[in-house]
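These notes concern the structure reproduced below.
Read the figures in this text as sums done on the coordinates, not as results from a lab. Because the structure is predicted, anything quoted here is derived from the model rather than measured. As a convention, Cβ positions derive from the backbone with ideal geometry for all residues, glycine included, and neighbour counts pool all protein chains shown.
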Amino acid sequence: MSKYGMSGLLSLCLLAGPVLAGEPMSAQEFDDYTRGKTLFYGQGGASYGAERYMSNRRVQWSFLDGQCKEGEWYEEGGQICFIYEDNPDDPQCWTFSEKGSGLIARFQNLPGTTELYEAGDMGQEMICLGPEIGV
């Protein structure tokens with residue numbers, strides 16, 4: 001291991017920018033890879049958010065701000081589409097491919113606008129605070 005340790009290596013990987021990835025994953029491959037995990041995503045060397053993948057294609061997304069959204073995913077036309085409780089009529093569709101270091105996610109609603117990568121440990125936790133009570 002280098003004198004910078006694992007965190008230095010992770011930082012270098014995060015700053016590397018877009019990476020080449022393989023073929024888009026099928027729904028079954030995506031489910032097998034994600035089910036039961038919480039994945040952290042980064043963009044441009046910074047944390048972007050995290051998602052918990054549960055059974056029956058249920059998910060919980062957070063921008064790591066303490067607010068979480070419940071949702072589910074489905075496959076449509078080779079894309080993995082997510083519907084969340086706060087906007088059930090606007091699916092967010094992505095293609096996911098696997099690279100040696102994790103997943104690469106490309107937003108398909110506006111191709112070329114957002115590419116995320118599985119970031120591993122970004123020094124943050126996915127915490128979901130309860131609903132705000134009172135005034």
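Our estimate of slack between Ile83 and Gln28, defined as 0.36 nm per intervening residue step minus the Cα-Cα distance, is 18.0 nm. If R0 is taken as 25 Å, the Cβ-Cβ distance between Asn56 and Asn109 corresponds to a FRET efficiency of 0.55.
Restricting the trypsin sites (Lys or Arg not before Pro) of the stretch 27-135 to loop positions (DSSP other than H, G, I, E, B) with no more than 14 neighbouring Cβ atoms within 10 Å leaves Arg35, Lys37.
How about the stretch 55-93: which GluC sites (Glu not before Pro) there lie in a loop by DSSP and see at most 16 other Cβ atoms within 10 Å?
Of the GluC sites (Glu not before Pro), the ones in loops of the stretch 55-93 whose Cβ has at most 16 other Cβ atoms within 10 Å are Glu85.
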